[in-house]
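Take a look at the structure set out below.
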Amino acid sequence: MSAMAAAAGFLPTPLMAAIEKAADDMVFSWTACVINCGHRCPLRAYTKNGRVIRIETDNTIKDGCSPRQLRACLKGRSMRQRLYSGDRLKYPMKRVGERGEGKFERISWDEALKTVAQKLKYTVETYGNEALYWQYCSGQQSMVNGRVAWWRLMNLMGGYLKYYGSYSTAQISAAFPMTYGGSPASDTSEIGNAKLYVAFGNNPSVTRGSGGGKSYQLRCALDKGEPKTIVIDPIHTDTVVGKVDQWIPIRPGTDAALVEGIAYELIRNGWTDEAFLEKYCVGYDEKTLPKSAPPKSDYKSYILGDADGEPKTPERASRITGIPVETIVELAREIGTTKPVFFAQGWGPQRQANGEQTSRAIAMLPILTGNVGLPGTSTGQHEGNTSFPVQYLPSGKNPVKATIPCFLWTDAITRGAEMDAIHDGLKGVEKLTTPIKMIVNSGGNTMINQHADSNATDKILRDTSKCEFIVVCDNMMTPSARYADILLPDTLGPETDDLASAGGSNGDVASLLPMKKAVEPAWEQRPTWDICRGIAKELGLEEAFTEGRDQLGWIEWCYEETRKKYPTLPDFKTFWAQGPQQVYGVRKNMVALSEFREDPVKNPLKTPSGKIEIYSERLADIAKTWVLPKGDVISALPKFVPTWEMPGDDLQRKYPLQCYGYHGHGRIHSTFHNLPWLREHFPDHVLINPIDAKSRGIANDDVVQVFNDRGRVQLIAKVTPRIMPGVCSIPQGAWYTPVEKDGKSVDVGGNINTLTSLRPSPLAKGNAQHTILVDVAKAPRA
Ligand SMILES: Nc1nc2c(c(=O)[nH]1)N[C@H]1C(S)=C(S)[C@@H](COP(=O)(O)OP(=O)(O)OC[C@H]3O[C@@H](n4cnc5c(=O)[nH]c(N)nc54)[C@H](O)[C@@H]3O)O[C@H]1N2
Ligand SMILES: Nc1nc2c(c(=O)[nH]1)N[C@H]1C(S)=C(S)[C@@H](COP(=O)(O)OP(=O)(O)OC[C@H]3O[C@@H](n4cnc5c(=O)[nH]c(N)nc54)[C@H](O)[C@@H]3O)O[C@H]1N2
Ligand SMILES: [Mo]
């Protein structure tokens with residue numbers, strides 16, 4: 001029996017019992033997995049002689065649908081392998097070779113903290129606070145000992161250049177509020193009240209992997225209501241393998257065209273909810289268009305082709321999406337004649353060059369059919385969540401006004417002072433006063449691995465005259481860590497005290513998890529909070545940073561502040577001794593927009609009109625004022641827009657296959673990549689359809705290279721009909737490992753970002769990392 005199976009709890013019962021008994025003799029501490037999958041799972045760390053020797057997870061309650069055990073997945077349970085990994089950063093280090101070369105020398109903590117303090121001071125004094133950038137880092141989601149500590153420190157120094165948006169949801173977060181005034185979504189449990197569940201690019205079996213989260217909730221909802229379930233995705237995902245009735249494969253980036261073909265059928269057959277559209281929406285037809293809108297700029301005219309002479313028929317949709325006409329017509333009939341329908345989208349469809357259009361287009365289906373604000377419906381967003389306003393370590397106020405889209409940090413290094421609102425989405429100021437000169441990266445691998453076009457990013461980072469100083473604080477010697485000037489080794493969960501709360505994927509359960517130090521760090525690691533305190537001390541800011549509390553003091557303070565809002569929680573001492581706390585019923589109404597549906601005048605949306613804006617005047621204004629590169633489109637209506645590196649682009653003659661990096665089982669982004677258990681169980685493959693493989697002479701398990709003008713990656717081919725023809729896919733997050741081969745740089749790590757583009761999407765200026773063209777060929781023999 002492999003260690004993997006043991007971790008999953010598949011051991012024969014007597015053996016399991018023996019292990020449980022042995023575990024009883026050990027000391028255990030509650031800790032948690034706080035990686036960014038959206039859940040936070042409790043872990044029990046069993047220790048002996050100062051070492052963690054076993055990891056278990058939640059056993060505090062009897063399992064059910066609600067409440068349920070917050071059971072960690074295999075990744076969370078691999079904590080022991082992380083703790084004792086050979087890749088651990090053990091000591092503070094400074095760069096000795098060229099930046100990016102990965103040559104470091106051990107230094108003392110004293111030297112490390114002094115150097116970082118000096119560089120912070122120098123950067124702020126020489127270039128101003130806008131020159132100091134906090135990098136997007138999602139890997140450490142705890143409440144005291146993570147990025148909040150860095151923010152607190154940097155705010156005490158006068159602040160830093162901020163970012164908006166995320167690598168997760170840049171496009172939908174910019175676009176959805178244009179339609180709905182926010183991003184409302186019903187709880188997953190509402191799927192149990194639907195007759196039909198239609199999901200676009202949504203793979204909760206993988207992306208919501210905790211036993212405590214939405215994938216389990218979805219399973220419970222499907223068992224309860226037995227709705228017909230349809231998933232639209234280029235890949236036959238593990239979610240589809242589960243309790244799903246129909247898989248509709250689609251070309252990436254074309255969902256909006258599918259929606260238009262369905263809309264055409266809905267309108268033609270009288271399946272639209274005209275009363276709903278008139279009362280609650282702006283711009284469905286000419287009756288409800290705002291005054292500023294030109295004639296025939298309504299949605300109905302667009303779909304029927306009255307505006308541009310091109311009716312958006314299922315035949316047109318079929319040509320664009322690759323879905324047969326009959327499937328589209330049947331899908332429209334199903335959607336038009338069933339109630340209630342719960343529509344959802346994952347975030348794969350929006351991580352595309354036209355993702356803003358796609359995400360709003362998908363929302364048109366619930367809107368056209370009136371499946372909004374009623375039991376068993378949602379809004380077309382990802383399934384919703386319980387929000388639990390817990391108190392994190394207060395980060396203070398950042399006086400710097402300037403804010404860049406998080407994806408444009410490489411631009412802010414190379415041409416920061418040129419950036420403005422109408423070209424680059426800069427907010428808060430007219431212009432930046434300086435390019436980025438120093439970066440703090442703590443708990444992230446976005447310096448190289450998770451950003452785009454790694455080969456181009458590598459060149460930008462290697463030039464030390466541009467970004468002069470990079471601090472990386474992590475647990476592992478990651479690809480991003482190689483670009484550090486100073487490396488700060490952080491503790492991992494069981495090595496320090498902290499607090500965690502439910503994330504964005506926990507569904508209807510809010511939770512608070514104690515993280516208690518189980519062991520001393522094996523080497524010289526220090527917790528982030530303490531690192532920041534040390535730097536604050538060098539800067540004469542220690543008192544302001546600590547306010548007289550130590551790390552545990554802040555944990556208690558955060559917990560007690562949270563308890564003021566939820567007095568049913570036990571006091572801190574009891575909590576700390578007892579373990580994880582679950583809270584249900586925090587979200588009062590599981591149905592999104594039910595109040596608006598009940599009374600739209602009393603409960604208007606936060607759009608300018610207070611209604612659902614199918615036609616958005618705000619977007620019409622932006623479209624008029626922003627300067628966009630050729631091919632980029634922003635429009636008042638959610639329309640299908642063909643973009644760069646999609647079918648139809650001239651580049652397809654050279655690189656015929658669409659490609660993207662899906663979020664796979666084997667990692668959370670780049671975290672866990674270096675763990676042998678997980679690599680053995682979930683080896684990385686490029687998925688390719690047998691038709692595309694055959695024409696390239698590729699057989700299953702062949703070593704292949706995937707390439708375009710930006711780079712070349714090498715990995716193993718999985719030839720499978722589970723991906724549609726014309727598309728290939730690589731799980732994102734593998735560690736970027738470029739080597740020279742036959743005079744070419746080949747990333748033998750297999751990182752998708754060696755192939756992705758730095759070109760942002762039009763409205764959000766977000767990462768369109770799922771939009772690229774490539775070709776695949778058998779690797780030359782070694
Ligand atoms: N195991 C695991 N879980 C994770 C993560 C992880 O790395 N690993 N990451 C976490 C984080 S931070 C996030 S933001 C979420 C990410 O969650 P998502 O962004 O939803 O995940 P993706 O795999 O990118 O996309 C979801 C699905 O969309 C499909 N897809 C891609 N492009 C298109 C398209 O154009 N149209 C359609 N219809 N489908 C498309 C993909 O095949 C995939 O099955 O997951 C979280 N959970
Ligand atoms: N091509 C492509 N690129 C993508 C995506 C995609 O779908 N396709 N997805 C994007 C998305 S949705 C996201 S959210 C980003 C994620 O990008 P990142 O936020 O960079 O996430 P990770 O790669 O998981 O990196 C987390 C880092 O935190 C470190 N870490 C873990 N625990 C601790 C700790 O306790 N202390 C410290 N100091 N460090 C710790 C880990 O070792 C790891 O290096 O990637 C984005 N990049
Ligand atoms: Mo994400």
Seminar exercise, completed: The one condition His382 fails out of (1) within 15 Å of ligand 1 (Cβ to nearest atom); (2) surrounded by fewer than 22 Cβ atoms within 10 Å (Cβ to Cβ) is (2)
Exercise. Just to be sure, is Leu393 open to solvent by 10 Å² or more (accessible area, probe 1.4 Å), not in a helix (DSSP H, G or I) and not basic (Lys, Arg)?
Worked result: no
Problem set entry | Residue that is farthest from ligand 3 (Cβ to nearest atom) [pool: residues in segment 658-709 that are closer than 30 Å to Pro642 by Cβ and acidic (Asp, Glu)] | Asp692
Problem set entry | Hits in segment 726-751 - residues which are part of a strand (DSSP E or B) and within 16 Å of ligand 3 (Cβ to nearest atom) | none
Problem set entry | Matching residues, segment 268-293, being β-branched (Val, Ile, Thr) and either within 23 Å of Ile622 (Cβ to Cβ) or free of Cβ contacts under 8 Å to residues at least 60 places away in the same chain (or both) | Val282, Thr288
Exercise. Does Leu277 satisfy the criteria of being open to solvent by less than 40 Å² (accessible area, probe 1.4 Å), within 33 Å of the chain's Cα centre (by Cα), within 16 Å of ligand 1 (Cβ to nearest atom) and not acidic (Asp, Glu)?
Worked result: no
Seminar exercise, completed: Restricted to segment 35-54 and to residues being of a type in the set (A, V, I, L, M) and open to solvent by less than 20 Å² (accessible area, probe 1.4 Å), the residue farthest from Ser142 (Cα to Cα) is Val52
Seminar exercise, completed: Going through segment 594-607 in order, the residues found to be open to solvent by less than 90 Å² (accessible area, probe 1.4 Å) and either under 20 Å from Pro294 (Cβ atoms) or assigned to a loop (DSSP other than H, G, I, E, B) (or both) are Asp599, Pro600, Asn603, Pro604, Leu605, Thr607
Problem set entry | segment 643-669, subset in contact (Cβ under 8 Å) with a residue 24 or more places away in the chain and farther than 24 Å from Thr237 by Cβ, residue surrounded by the fewest Cβ atoms within 10 Å (Cβ to Cβ) | Lys654
For this session: Report yes if some residue within segment 698-718 is surrounded by fewer than 16 Cβ atoms within 10 Å (Cβ to Cβ) and within 15 Å of ligand 1 (Cβ to nearest atom); otherwise report no.
Result: no
For this session: Go through the residues of segment 244-262 one by one and say whether even a single one is free of Cβ contacts under 8 Å to residues at least 12 places away in the same chain and among the β-branched types (Val, Ile, Thr).
Result: no
For this session: Consider Ala518 carefully, then state whether it is touching a residue at least 40 places away in the same chain (Cβ under 8 Å), under 23 Å from Thr491 (Cβ atoms) and part of a loop (DSSP other than H, G, I, E, B).
Result: yes
Seminar exercise, completed: Gly504 fails exactly one of (1) closer than 29 Å to Asp571 by Cα; (2) of a type outside the set (D, E, K, R); (3) open to solvent by less than 10 Å² (accessible area, probe 1.4 Å), namely (3)
Seminar exercise, completed: Every listed condition ((1) within 16 Å of ligand 2 (Cβ to nearest atom); (2) in contact with a helix residue (DSSP H, G or I) (Cβ under 6 Å, 6 or more places away or on another chain); (3) not in a loop (DSSP other than H, G, I, E, B)) holds for Phe545 save (1)
Exercise. Can you tell me how many residues in segment 204-235 are open to solvent by less than 50 Å² (accessible area, probe 1.4 Å), more than 16 Å from ligand 2 (Cβ to nearest atom) and more than 19 Å from Gly384 (Cβ to Cβ)?
Worked result: 3
For this session: Specify the residue that is nearest to Pro405 (Cα to Cα); the eligible residues are those in segment 128-141 that are more than 16 Å from ligand 1 (Cβ to nearest atom) and open to solvent by 10 Å² or more (accessible area, probe 1.4 Å).
Result: Glu130
Exercise. Can you pull out the residues in segment 25-40 that are over 16 Å from Arg82 (Cα atoms) and either within 16 Å of ligand 2 (Cβ to nearest atom) or outside any loop (DSSP other than H, G, I, E, B) (or both)?
Worked result: Val27, Phe28, Ser29, Trp30, Cys37, Gly38, His39, Arg40
Exercise. Quick one: would you say Ala22 is at pLDDT 95 or above, of a type in the set (A, V, I, L, M, F, W, C) and assigned to a helix (DSSP H, G or I)?
Worked result: no
Exercise. Just for segment 617-642: of the residues that are free of Cβ contacts under 8 Å to residues at least 40 places away in the same chain and over 17 Å from Gly355 (Cβ atoms), which one is least open to solvent (accessible area, probe 1.4 Å)?
Worked result: Asp621
Exercise. Any idea which residue in segment 658-684 is farthest from ligand 1 (Cβ to nearest atom), counting only those that are within 30 Å of Gly322 (Cα to Cα) and not in a loop (DSSP other than H, G, I, E, B)?
Worked result: Cys659
Problem set entry | Residue check, Thr446 of a type in the set (Val, Ile, Thr), open to solvent by 10 Å² or more (accessible area, probe 1.4 Å) and assigned by TED's automatic domain parsing to the domain that holds Val116 | no
Problem set entry | Failed item, numbered, when Ile436 is tested on (1) outside any loop (DSSP other than H, G, I, E, B); (2) open to solvent by less than 10 Å² (accessible area, probe 1.4 Å); (3) within 20 Å of Asn129 (Cα to Cα) | (1)
Exercise. Mind checking whether some residue in segment 774-782 is in contact (Cβ under 8 Å) with a residue 24 or more places away in the chain and either assigned to a loop (DSSP other than H, G, I, E, B) or among the aromatic types (Phe, Trp, Tyr) (or both)?
Worked result: yes
Seminar exercise, completed: Of the residues in segment 734-758 that are β-branched (Val, Ile, Thr) and within 16 Å of ligand 1 (Cβ to nearest atom), the one that is surrounded by the fewest Cβ atoms within 10 Å (Cβ to Cβ) is Thr756
Exercise. Does Tyr160 fit the bill of being open to solvent by less than 10 Å² (accessible area, probe 1.4 Å) and either within 15 Å of ligand 3 (Cβ to nearest atom) or not hydrophobic (A, V, I, L, M, F, W, C) (or both)?
Worked result: no
For this session: Run down Ala693, Ala777 and say which single residue is more than 15 Å from ligand 1 (Cβ to nearest atom), among the small types (Gly, Ala, Ser), open to solvent by less than 30 Å² (accessible area, probe 1.4 Å) and under 17 Å from Tyr655 (Cβ atoms).
Result: Ala693
For this session: Answer yes or no as to whether Leu331 is modelled with pLDDT of 95 or more and farther than 30 Å from Gly165 by Cα.
Result: yes
Problem set entry | Qualifying position, being at pLDDT 95 or above and farther than 29 Å from Gly213 by Cα, among Arg77, Arg88, Arg44, Arg82 | Arg88
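The values are calculated or read from the model by the stated rules, or taken from the named source; none is laboratory data. Computed from a predicted model, the values in this text were never measured in an experiment. As a convention, Cβ positions derive from the backbone with ideal geometry for all residues, glycine included, and neighbour counts pool all protein chains shown. Please note that ligands, DNA and RNA were not included when accessible areas were found on the heavy atoms of the full protein model with its side chains. Shrake-Rupley method; radii C 1.70, N 1.55, O 1.52, S 1.80 Å.
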